[in-house]
Amino acid sequence: MNTRTALDIWETALGEIQLQVSKPNYRTWFEKTVGLSYQDHLLVVSVPNTFVAEYLDHSQRSLIEKTLIGVLGSSEVRVTFQVNGLHQTANGYGKFLPAISHHPGLNPGYVFDSFVVGETNRIAYEAARDVAANPGKSFNPLFIYGGVGLGKTHLLHAIGHTVLSRNMQVTCVSAEQFTNDFVSSVRERRTEEFRAHYRNLDILLIDDISFLSGKEQTEECFFHTFNELHNSARQIVVTSNQPPSALLLTEERLRSRLEWGLVVDVKPPDLPTRLAILQAKARQKGADVSTDVLELLAEQAKQNIRELEGSLNRIVAYAKLLRASPTREMAELALTSVAREPPAVEAGTPALLLQAVAESFHLTVDDLKSPRRDREAALARRVAMYFLRRETGISITQIGEELGGRDVSAVTHAVKKLTTELETNNFLKRRLADIEKRLSSPGRPASP
Ligand code: ADP
Ligand code: MG
């Protein structure tokens, strides 16, 4: 088993999935997932909670498996989801862990070594290092806040890894998970177990505290947990998208406690930091991406490191799909398809494209969409898929739909096949040139 490979496989798949589902959908269900292991065609993916596990299992399985088939080029692949991964159930895979997880649930990639320090996150980084080196004796609590995708969770987990390596008791949960755990412990009459778990910690890491807003009972429970830990000099670290002063908490007492220690922020990274981050991520992935491509990505994604990473994943996925090394053109294509959300392609574009392809092959658009499997129609269809992929921002799923309901793996396969065919087939090259001409001057016949 190779964890590195599982991480990469899943990252690449995420790059593809990001193109196929809406942004909110991606955020909610895919964003916090990590590839854990890959063995005997079984990919284990760590997910933050049982809701995500169940949703992905029931509603996104076919998309995920099709994407993985594309990524791995093997149809045998299966996937299973594990809540906060790093554990495996006694009887193997596919079972979810109980609600109160007694393991820290840390993303293996979120360590200090992989965190790139720049002017906009230096103070947060130094504070996190300090707390990790002296938990309970440094700033307590440490409160890290800032916008989405700026490294708060990364720093939180990095603290967790450091402390864990010294055999201390760590729990890292999102406020959402804390809430769910609390609620189910009440329902299942396990509040004693719940309290005992939290009371015995050396360090409690709470992600996205603002989730507690308006949940009075959970807030109160957290308040007591906080006090118990703080009174016995145990460390608490909290992240938030807002400073304590802006949190909508029922308990004023809780807010003031959150301000007791040190409050630090992370800001959007400057250009040199963005470039450094991309270089580090590309290296981690073992992806060979030239500096000018990385510069292009760094210039585009300004606000958010997650997007920066997303664009890198996407271009690596594109390159893999096209079996080529990433170029600036590919980066531009990958980036425009992100910028278009919802796809800003004029409604007519895919239709015009199909028209041009059909005409060039002396077929009709209906032929392209039909189940016809003869060589001519199949080739024209592949060309159409290739063009839709190259020229429009629409997803693989949509391309399949445009062409009469072909599935994702068929489209992925067709695009790959055509790319290979193009290397040697002069007839095809002429067809493509012909179609391009038709597209640049629609309405006029391009070739005899
Ligand atoms: P937040 O919790 O602030 O929304 P995350 O910690 O989840 O953001 O970061 C989003 C992504 O960006 C993660 O993959 C993380 O590893 C990466 N990232 C953020 N900041 C840095 C950094 N300074 N160096 C390297 N990677 C970073
Ligand atoms: Mg976060």
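Only four residue types carry charge here, +1 at the Cβ of Lys and Arg and -1 at the Cβ of Asp and Glu. Report the dipole size of the chain about the Cα centre in Debye, rounded to the nearest 20.
The calculation lands at about 820 debye.
Evaluate the Kirkwood expression for the hydrodynamic radius of the range 350-439, namely the inverse of the mean inverse distance over all pairs of different C-alpha atoms, and round to one decimal in Å.
On the way: mean 1/r = 0.0788 Å⁻¹.
One decimal place: 12.7 Å for the Kirkwood radius.
In Å, what is the Rg of the alpha-carbon atoms in the chain, and how long is Dmax?
Taking only Cα atoms of the chain, I get Rg and Dmax of 25.0, 85 Å.
Could you point to the residue in MET330, GLN284, LEU308 farthest towards the positive end of the range 271-338's charge dipole, with +1 and -1 charges on the Cβ of Lys/Arg and Asp/Glu respectively?
Result: GLN284.
Helix-only mean residue ellipticity at 222 nm, the chain, DSSP H runs n ≥ 4 weighted -39,500 (n - 2.57), per residue, nearest 500. What is it?
Taking each H run of at least 4 residues, the total per residue is -17000 deg cm²/dmol.
Which of the pairs LYS66/LYS302; LYS66/LYS267; LYS369/LYS429 have their Cα atoms more than 27 Å apart in this structure?
From LYS66/LYS302; LYS66/LYS267; LYS369/LYS429, over 27 Å: LYS66/LYS302; LYS66/LYS267.
Could you list TRP29, TRP260 so that the one with the fewest beta carbons within 10 Å of its beta carbon is first and the one with the most is last?
With the fewest neighbours first, TRP29, TRP260 line up as TRP260, TRP29.
Take ARG61 and LYS437, extend 7 Å from each Cα along the Cα→Cβ direction, and tell me the distance between the two endpoints in nm.
Roughly 5.1 nm, to one decimal.
When the Cα atoms of the range 112-266 are enclosed in a convex hull and the volume is divided per residue, what value in Å³ results?
100
What ranking do 291-298, 375-382, 71-78 get when scored by the average of other Cβ atoms within 10 Å per residue, highest first?
By packing density, highest mean first, the sequence is 291-298, 375-382, 71-78.
Using only alpha carbon pairs under 8 Å that are at least six residues apart, calculate the relative contact order of the chain and give it in whole percent.
It comes to 14 percent, rounded to a whole number.
Every read-out reported here was derived from the displayed coordinates using simple, explicitly stated rules and does not represent laboratory data. Bear in mind the structure is a predicted one, so any value in this text is a computation, not a measurement. Positions of Cβ are backbone-derived with ideal geometry, glycine not excepted, and every protein chain shown enters the neighbour counts.
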